[in-house]
1. Given the peptides 112-118, 14-20, 76-82, arrange them by the average over their residues of other C-beta atoms within 10 Å, most packed first.
2. So, in nm, how far is label A159 from label K138 when the simple model puts each one 7 Å beyond its Cα toward the Cβ?
3. Given the Cα-Cα distance of S117 and F17 and 0.36 nm per residue of separation, how much length would full extension add, in nm?
4. Could you give the nm distance between label points at M1 and S62, where each point is 7 Å from its Cα heading toward the beta carbon?
Amino acid sequence: MVVKYYDSKVSLGSLKFTLTATLPSSDNNNNKSGNDDVTGVVGIRQLVFCGCNDAYLIATLSSSNNRSTNNPVIIWDLNRGVVSHTINLPKHSSLCTITASHQPTKQQHLYLLLRNSESNKLVVYVHDLLDEKAKLVKKIKIGSCDEADNKAATSFAMAINDDEMEPKSLW
């Protein structure tokens, strides 16, 4: 995967970085992550800037089957232009949405709203982006979805208050 990152402070924008990342293979024989549920990654689903002075770019991946089950989240460090973290999702989880903190004086956290495909439970996973391995620092149980929500086109959104650093879930 290639993402071109331009400097918007220049009038026509100049190329600052060409960000690259290796996508997981849909062929289980070549799947080095050991995650057999990664399927048919075809591209980027969502890009989010986060961190102090937008120091990180987060990419969520889409699948050929239109689900995000077990596709990893890729995080680039924009100060260095390299992939700083790859976060694998728990088994049987699909990514609903992401958000992140932007405060320069607080920890840099990434919030992943996940839905368990077996139990329909919603959980927010909070990862510390300043940690070398983007350590999971907290799981926040949100609730569950009805079976009818599985069949309907359900959309999710999440917002955080940077002062409190606690996610607020909306759906």
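1. Sorting 112-118, 14-20, 76-82 by mean packing, highest first, produces 112-118, 76-82, 14-20.
2. Going by the 7 Å Cα→Cβ label model, 1.8 nm.
3. Gain in length upon complete extension: 32.3 nm.
4. 1.2
None of the figures in this text is laboratory data; all of them are computed from the coordinates on show. What you see is a predicted model, and the numbers here were worked out from it, not measured in a lab. Quick reminder, even Gly has a Cβ in these numbers, built from the backbone with ideal geometry, and neighbours come from all protein chains shown.
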